[in-house]
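Below is one structure, written out as structure tokens, with a few remarks after it.
The values are calculated or read from the model by the stated rules, or taken from the named source; none is laboratory data. Since the model is a prediction, treat every value here as computed from it, not as a measurement. Here the Cβ positions follow ideal geometry from the backbone for every residue, glycine too, while neighbour counts run over all protein chains shown. Ligands, DNA and RNA are excluded from the accessible area calculation, which covers all protein heavy atoms including side chains. Shrake-Rupley method; radii C 1.70, N 1.55, O 1.52, S 1.80 Å.
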Amino acid sequence: MLKKEIEKALNEQINVEMWSAYLYLSMAAYCHSIRQTGMARWFEVQFKEEQDHAKILFNYIVRRNGRVLLEAVEAVPKEWKSVREVFVNTLGHEREVTEKINTLVTLTKKNNDYATESMLQWFIDEQVEEEDEARDIIDKLDMIKENGFGLYMLDKELGERKYQQAGPLEQSVL
């Protein structure tokens, strides 16, 4: 059984994950509008991953006999100055999510909730990957600068990203 304080924090994290999904869908729409369809595809996959993250938390709360309470998702940005700015915002956002996950882990430690702490380890590992991937794309964008062919090649590379369902979703309750 989840303590109410942890249940509330996990519900808040579901909202963070859904906001993230919505943000990445907005970034995909922006990339489509500037004809960077590979980058748009990358963000569409990111959108699905963030939905998975929310569902993992949803399933966990249910499995621990808690109550999922969904809140409204705030509006997300719609415009950026460049593709580089989109990915810089992505990295900044992922760093914020990492801090929120770290805060959740601290809360579980304070409450001696080892099961939730264990579940959150997957998110910690995922955040390391998310930040690294965004930083890698920014580095590539910095290397190619305004080179049209380089941008074309990066767009093509990012368009090859495949969606892979998150591992903990296998524990679905629905």
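General observations
- Spatial offset of segment 33-47 relative to segment 86-143 amounts to 21 Å, using the alpha carbon center of each.
- Helix-only arithmetic for the chain: the sum of -39500 (n - 2.57) across DSSP H runs with n ≥ 4, divided by the residue total, places the mean residue ellipticity at 222 nm at -26000 deg cm²/dmol.
- Kyte-Doolittle mean at least -1.0, axial Cα span of 24 Å or more - DSSP H helices of the chain: 4-33, 37-63, 83-110, 114-144
- Pairs exceeding 30 Å between alpha-carbon atoms, taken from 3/100; 55/109; 4/78; 78/140; 8/156: 4/78; 8/156.
- Pairs of Cα atoms nearer than 8 Å and 6+ residues apart set the relative contact order; for the chain it is 33 percent.
- Dipole magnitude of the chain about its Cα centre (Cβ charges: Lys, Arg +1; Asp, Glu -1), debye to nearest 20: 440
- The convex hull drawn around the Cα atoms of segment 68-150, when projected onto a plane and averaged over every direction, covers 7.3 nm².
- Residue 152 paired with residue 135, simple spin-label distance in nm, labels 7 Å along Cα-to-beta-carbon: 3.2
- Value of D in µm² per second that Stokes-Einstein yields for segment 104-151, Kirkwood Rh from Cα pairs, at 37 °C (0.692 mPa s): 250
- As computed over the chain, the Cα convex hull volume per residue (Å³): 105
- Extreme residue, positive dipole direction of segment 81-174, given options 144, 164, 86 (C-beta unit charges): 86
- Take segment 1-129 with all the other protein chains still there, run a 1.4 Å probe, and you get 51 Å² of accessible area per residue.
- Across the protein chains, with a 1.4 Å probe defining accessible surface, the residues 64, 41 rank 41, 64 from largest area downward.
- Nonpolar atom fraction for the chain, defined as the carbon and sulfur part of the 1.4 Å probe accessible area, stands at 53 percent.
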